[in-house]
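In what follows, a structure is listed as structure tokens, so that the remarks can point back to it.
Here, each number is a calculation from the coordinates, and none is a lab measurement. What you are looking at is a predicted structure, and each value in this text was computed from that prediction instead of being measured. Don't worry about glycine lacking a Cβ; one is built from the backbone with ideal geometry, like all the others, and counts go over all protein chains shown.
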Amino acid sequence: MSGQAKVPNLKKLRPYGDIMDDGTVQVCFTLPVEPSPEAREAAVLTAQRMGLEQIKVATMEKAADGFSLFVIYGNLKGSVDFTEIRVLKVEAQKRSRDEIDELIKTKIGRKLVVLGACTGYDAHTVGIDAIMNMKGFAGDYGLERYQWLDARNLGAQVLNEELLKLAIQEKADAILVSKVVTQHNIHIKDFKDLVERAEKQGLRNQIIFIAGGPRVTHPLAMECGFDAGFGVGTKPSDVASYIVDEYLRRNSEPGEKKEAKPKKSGKAKPTKKKSVSKSKKKGKR
Ligand code: B12
């Protein structure tokens, strides 16, 4: 790092390498050819197509038969106007587990019921486990650890209809959906299907719908009809902070209903296929 600390130009923000505004980036890619002088030249031309200048091939290595891996340094000409960037993001005050528990205890006075599942044919449980399970993720305890959350992890491959049945049965306050596989946009289709089903059953405004996964963003979740979306690196306390804020927001506004009930009278039959992971159901409401 150079000695002079220079203030970045936020109107023309460029990557930082060694000197402010130098635009230096490192890129890594594979070309489906054996390493050779021609392969190196192909990598340089590829980097030029990306808009890089002063290109330096730092690494050219055989990755497998017929494949070369490249690490390249270069300087980017373009810049972005940081002052013009507006991002749709989850609105919630970040709180600790203790603060959240205290808030629910004093302002709501009962446990909030949170159901989490990885839906459809998606079998990736690690993401939803990271959010729900006691031990949590990255040093942040999971929702099951919160005294004032009744958090139930339904695991993977839960069908949307089953999830909604359980939500009615358990009077869920929030539903957490994880989608990891995105091939053929299956995550979007499944998210939208859940919301459509919830709308048909009159549940949409009764429950907080939260989407998550490595390819999920807040704007994408909103487009799919969810209330919020969380992506890579999410910690359980981010989600708990949002749930409590959103619950209080909704329930301080007139006209919002508090219970998850089906539109028409009859209660949904308990679903047989999926059971909740917390053995003891605690008294609520
Ligand atoms: C482990 C793994 C598996 C395991 C899953 C085991 C299990 N019990 O989960 C097994 C081997 C079963 C598997 C199978 C498959 N996998 Co796989 N798998 C992975 C792998 C290596 C890691 C995923 C993971 O655990 N990440 C760690 C968690 C902690 O991260 P996360 O999910 O992003 O979660 C965080 C956030 O996203 C967020 N979050 C996630 N969910 C939620 C939900 C809510 C509500 C909130 C608030 C937040 C949130 O919070 C978490 C913590 O910060 C990834 C590659 C990779 N390196 O990511 C491929 C990967 C996800 N798999 C992939 C594929 C294609 C498959 C298969 C289709 C392969 C096949 N052809 O059979 C099958 C699918 C099976 C099925 N029916 O779903 C692809 C998906 C491509 C895509 N985008 O569609 C990946 C990306 C690999 C790749 N590069 O191709 N897989």
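222 nm [θ] for the chain, helices only, -39500 (n - 2.57) per DSSP H run of 4+, per residue, to 500? Numbers along the way, then the final one.
On the way: 7 runs with 75 residues, N = 285.
Taking each H run of at least 4 residues, the total per residue is -8000 deg cm²/dmol.
Distance cut-off 23 Å, Cα to Cα: go down the list Lys89/Lys179; Lys171/Lys200; Lys111/Lys200 and report the pairs above it.
On the way: Lys89/Lys179 19 Å; Lys171/Lys200 17 Å; Lys111/Lys200 27 Å.
Violating the 23 Å Cα-Cα cut-off are Lys111/Lys200.
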Cα gyration tensor shape for region 168-244, rounded if a/c is under 1.5, else prolate or oblate:
oblate
For region 136-142, 3J(HN,Hα) per residue [Karplus equation, 6.51 cos²θ - 1.76 cosθ + 1.60, θ = phi - 60°, Hz, x = Gly/Pro]
x, 8, 6, x, 10, 4, x
When we measure straight from the Cα of Lys192, which aspartates and glutamates land under 13 angstrom away, once same-chain ones fewer than 8 places off are left out?
Glu161, Glu223, Asp227
Return the sequence-ordered ³J(HN,Hα) values of region 15-29 in whole Hz as given by the Karplus equation 6.51 cos²θ - 1.76 cosθ + 1.60 applied to θ = phi - 60°, using x for Gly and Pro.
x, 9, x, 10, 10, 3, 6, 6, x, 6, 10, 10, 10, 9, 8
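For region 14-81, which trypsin sites (Lys or Arg not before Pro) are in a loop by DSSP, counting at most 10 other Cβ atoms within 10 Å? Don't skip to the answer; put the middle values down first.
Values: sites: Arg40, Arg49, Lys56, Lys62, Lys77; in loops: Lys77.
Here the sparse-neighbourhood loop sites are Lys77.
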Phi-based couplings in Hz for region 160-168 (Karplus 6.51, -1.76, 1.60; Gly and Pro marked x)
4, 5, 5, 4, 5, 4, 5, 4, 5
What residues have an amide H closer than 5 Å to that of Val113, excluding those fewer than 5 places away on the same chain, when H is modeled at 1.01 Å from N in the peptide plane?
Asp150, Asp173, Ala174
Thinking of region 9-63 as a set of Cα atoms, what percent of all their pairs are more than 15 Å apart?
53 percent
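Go through 21-28, 163-170, 208-215 and give me the packing order, highest mean Cβ count within 10 Å leading.
Working: 21-28: 15.5, 163-170: 21.0, 208-215: 22.9.
Peptide ranking by packing, descending: 208-215, 163-170, 21-28.
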Among all the aspartates and glutamates, which ones have a C-alpha under 20 Å from Lys105's C-alpha, if same-chain residues fewer than 8 places away are not counted?
Glu144, Asp150, Glu170, Asp173, Asp238, Asp245, Glu246, Glu253, Glu259
For the chain, averaging the sequence separation of alpha carbon pairs under 8 Å that lie six or more residues apart and dividing by its residue count, the contact order in percent is 16 percent
Would you list, by chain and number, the aspartates and glutamates whose Cα falls below 18 Å from the Cα of Lys77, excluding same-chain residues fewer than 8 positions away?
Asp18, Asp21, Asp22, Glu53
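What value in Å³ per residue do you get for the convex hull of the alpha-carbon atoms in the chain? Don't skip to the end; give the middle numbers.
Details: hull volume 54.2 nm³, N = 285.
With only Cα atoms used, the chain gives 190 Å³ per residue.
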Please list, in chain and number order, the residues 5+ apart from Ala63 or on another chain whose amide H is under 5 Å from its amide H, with Hs placed from the backbone.
Ser68, Leu69
